[in-house]
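The values are calculated or read from the model by the stated rules, or taken from the named source; none is laboratory data. Keep in mind it's a predicted model, so treat the numbers as computed, not measured. Here the Cβ positions follow ideal geometry from the backbone for every residue, glycine too, while neighbour counts run over all protein chains shown. Note: areas computed on protein heavy atoms with side chains; ligands, DNA, RNA excluded. Shrake-Rupley method; radii C 1.70, N 1.55, O 1.52, S 1.80 Å.
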Amino acid sequence: MAAPLDMEPPALSLELLPTDPLLLILSFLDYRDLMSCCYLNRRLNQLSSHDPLWKRHCKKYWLISDEEKSQRNQSWKAIFISTYSDLGRYIRYYATLKKAWDDLEKYLGQRCPRMIGSLKESVREEDLDAVEGQIGCKLPDDYRCSFRIHNGQKLVVPGLMGSMALSNHYRSEDLLDIDTAAGGFQHRLGLKQCLPLTFCIHTGLSQYMALESVEGRNKYEIFYQCPDQMARNPSAIDMFITGTSYLEWFTSYVNKVVTGGYPIIRDQIFRYVHDKECVATTGDITVSVSTSFLPELSSVHPPHYFFTYRIRIEMSKDALPEKACQLDSRYWRITNAKGDVEEVQGPGVVGEFPIISPGRVYEYTSCTTFSTTSGYMEGYYTFHCLYYKDKFFNVTIPRFHMVCPTFKVSTARMVSG
């Protein structure tokens with residue numbers, strides 16, 4: 001007998017739905033919603049506890065590998081929950097910072113192993129809480145998260161945050177551990193409520209992070225201090241900005257290192273920036289340039305911006321042996337942001353007259369200053385052939401630009417002015 005046409009179909013029950021489609025739906029949920037499903041009813045509780053659902057979240061948020069999972073002898077869900085109970089406040093940052101630290105350790109482990117040995121183990125939550133109580137300021141979660149992975153570095157050379165060397169100047173910045181940073185926390189005018197992140201034992205140079213929006217700084221902004229040499233007020237401190245948050249500052253630096261953006265020289269990271277277009281080839285000789293700004297030798301008032309540059313001169317390995325030559329002299333055309341031009345010509349480079357032969361590379365560093373925030377240099381080297389001593393030729397030096405980082409003028413100077 002046919003059912004009446006107006007009879008309603010039976011209500012669709014969650015218990016009657018097949019398991020596989022439900023698991024597929026649950027696989028698209030974030031960890032919060034997945035956890036909430038555990039409390040709705042018995043069926044969803046059973047499905048939400050399906051261990052493969054939690055594998056994705058463990059890998060995404062905590063970077064837990066299959067190998068680590070097998071070593072811990074726990075379910076994916078149990079690992080997620082236990083890790084969340086310890087690091088849950090950092091879930092927005094942990095994976096990004098952990099990957100940065102892992103990438104940095106792997107890269108430096110092959111190139112600068114002694115630097116890896118200077119890293120300190122992680123700190124506990126209560127240690128970070130104690131520092132907040134000591135300095136009277138809250139630490140940003142991305143900073144705290146990084147120190148739950150590594151507690152900075154011992155005060156050694158070379159520093160993790162990069163080096164720079166000239167004939168009469170050397171800088172190497174350590175990433176400070178939390179206790180040393182707290183000891184350098186500033187209460188004085190000009191650097192009020194600023195926490196040092198780095199320190200160079202040779203120059204005393206530090207990068208600071210502002211823990212509050214005071215004295216013209218944005219909260220969590222990172223900068224090099226630059227005393228205003230023209231102001232009578234000692235609290236007049238200008239700032240060269242190096243980051244807008246700890247996460248951005250640290251991960252962008254690590255990315256530069258592990259992608260080869262900063263060269264490794266004598267087991268140290270040198271913060272030279274190379275523009276890939278800043279290369280010129282003349283015959284068999286290629287000249288490339290990288291540059292770096294030195295805040296510790298610069299000032300905003302008076303305007304004095306100090307740059308160093310590193311030049312690489314290389315002859316193709318396929319060049320004929322008779323192409324070997326020696327550098328005799330250099331010519332520079334230096335232009336500042338106002339268009340003022342200075343020309344410099346002289347023998348050799350840094351007191352040397354290098355010989356270039358097939359496959360050989362010669363590198364040297366030098367420096368220049370500008371009274372404007374930017375400028376550029378270009379020029380040529382004059383060589384003579386070793387096999388044909390009366391044959392001279394010029395080799396182009398590509399134009400390379402130097403630009404001062406963003407800076408902020410001291411509010412104390414602005415008020416007093």
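Things to note:
- Residue count, segment 166-213 (criterion: over 30 Å from I265 (Cβ atoms), in a loop (DSSP other than H, G, I, E, B), of a type in the set (S, T, N, Q) and without any contact (Cβ under 8 Å) to a residue 40 or more places away in the chain): 1
- Failed criterion for V157 (all others in (1) among the β-branched types (V, I, T); (2) at pLDDT 95 or above; (3) in a loop (DSSP other than H, G, I, E, B) hold): (2)
- Filtered by the rule that a residue be buried (at least 17 other Cβ atoms within 10 Å of the Cβ), more than 29 Å from V409 (Cα to Cα) and among the polar types (S, T, N, Q), segment 229-278 gives a lone residue, Q268.
For every residue, the table says whether it meets (1) surrounded by fewer than 16 Cβ atoms within 10 Å (Cβ to Cβ); (2) not charged (D, E, K, R).
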| residue | (1), (2) |
| --- | --- |
| D86 | yes, no |
| I91 | no, yes |
| W101 | no, yes |
| G109 | yes, yes |
| E121 | yes, no |
| E126 | yes, no |
| V131 | no, yes |
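- Residue in segment 218-228 that is least open to solvent (accessible area, probe 1.4 Å), counting only those that are in a loop (DSSP other than H, G, I, E, B) and modelled with pLDDT of 95 or more: E221
- Under the condition of being among the charged types (D, E, K, R) and closer than 20 Å to F199 by Cα, the residues counted in segment 113-141 number 3.
- Within segment 111-154, the set of residues being of a type in the set (A, V, I, L, M, F, W, C) and in a loop (DSSP other than H, G, I, E, B) comprises C112, V123, C137, L139.
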